[in-house]
């Protein structure tokens, strides 16, 4: 029964894309749209096959995913401990909250110009942009998660002899984990957009760079191919990894009941 529901859910999810492809395949040739303005579906498919054969598409995808992975991991290493510290210490929270409110609106794309000055054009600058996009959101969600743990739970753990390490690993982290995972999912969405923007400026490889170079040669089929790949990768990442992780985390810690 559950597998059937998942199958139907998948079909409903894919249905709008199928309609969009049909409209694309019919309307663009029907109106004889200039290929420099928008390509035909067949041209995009040919560009995709060609880029897979010569390995360029795989190289761009690999470079982009690596940057996202490194930037996200670095952000998590810093953001989670800092969010926990803000959640358990009112002094730290009061001191840092105004700074976080200020810098949170600058996270991501706004850092691109100065990132290129600090790190040059390449891996470092783009990783820094991704770090900023994820860091502030995960820190805030970690703080929120720790703050929602009832004081009675902390007091009970302390009265049972829980030390700092036990309090961290058995109370604070598990209690904040659903919020942390939600923050990761949200932060990666901003990081993905920041990645594409940064790659248009600060590197010579990646999906953003692929779009930027194709524009100079009026290769709209490559531009649209890149846009499709970017969207598909994010959907796969979100639906196959982030959404199940978030759902499993919420179910594990009792926020909802497993169907």
- So which residues in segment 46-65 are without any contact (Cβ under 8 Å) to a residue 40 or more places away in the chain and either surrounded by fewer than 14 Cβ atoms within 10 Å (Cβ to Cβ) or within 24 Å of the chain's Cα centre (by Cα) (or both)? 49, 52, 53, 54, 55, 58, 62
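Being within 22 Å of residue 85 (Cα to Cα) and not in a helix (DSSP H, G or I) is true for just one of 107, 156. Which residue is that?
107
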- Task: Taking the options 76, 69, name whichever one is touching a residue at least 60 places away in the same chain (Cβ under 8 Å), assigned to a helix (DSSP H, G or I) and within 30 Å of residue 123 (Cβ to Cβ).
- Result: 76
- Would you be able to say whether some residue in segment 174-195 is at pLDDT below 85, more than 18 Å from the chain's Cα centre (by Cα) and part of a helix (DSSP H, G or I)? yes
- Which residues, counting only those in segment 138-166, are surrounded by 14 or more Cβ atoms within 10 Å (Cβ to Cβ) and in contact (Cβ under 8 Å) with a residue 24 or more places away in the chain? 138, 139, 140, 141, 142, 143, 144, 145, 146, 147, 149
- Message: I'd like the residue in segment 75-107 that is farther than 19 Å from residue 176 by Cβ and touching a helix residue (DSSP H, G or I) at 6+ places or on another chain (Cβ under 8 Å) and, out of all such residues, is surrounded by the most Cβ atoms within 10 Å (Cβ to Cβ).
- Response: 107
- Of these, 210, 227, which one is touching a helix residue (DSSP H, G or I) at 6+ places or on another chain (Cβ under 6 Å), assigned to a helix (DSSP H, G or I) and either at positive phi or modelled with pLDDT of 90 or more (or both)? 210
- With respect to the numbered conditions (1) crowded, with 19+ Cβ neighbours inside 10 Å; (2) modelled with pLDDT of 85 or more; (3) farther than 25 Å from residue 58 by Cα; (4) out of contact with any helix residue (DSSP H, G or I) (no Cβ under 6 Å at 6 or more places or on another chain), which one is the sole condition not fulfilled by residue 135? (4)
- State all residues of segment 29-45 that are out of contact with any helix residue (DSSP H, G or I) (no Cβ under 7 Å at 6 or more places or on another chain), assigned to a helix (DSSP H, G or I) and surrounded by 10 or more Cβ atoms within 10 Å (Cβ to Cβ); if no residue qualifies, say none. 29, 42, 45
- Message: closer than 18 Å to residue 232 by Cβ, part of a helix (DSSP H, G or I) and out of contact with any strand residue (DSSP E or B) (no Cβ under 6 Å at 6 or more places or on another chain): is that true of residue 64 in this structure?
- Response: yes
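The values are calculated or read from the model by the stated rules, or taken from the named source; none is laboratory data. Only a predicted model underlies this, so the values are computations on that prediction, with no experimental measurement involved. Methodologically, a virtual Cβ is constructed for each residue, glycine included, from the backbone with ideal geometry; neighbour enumeration extends over all protein chains shown.
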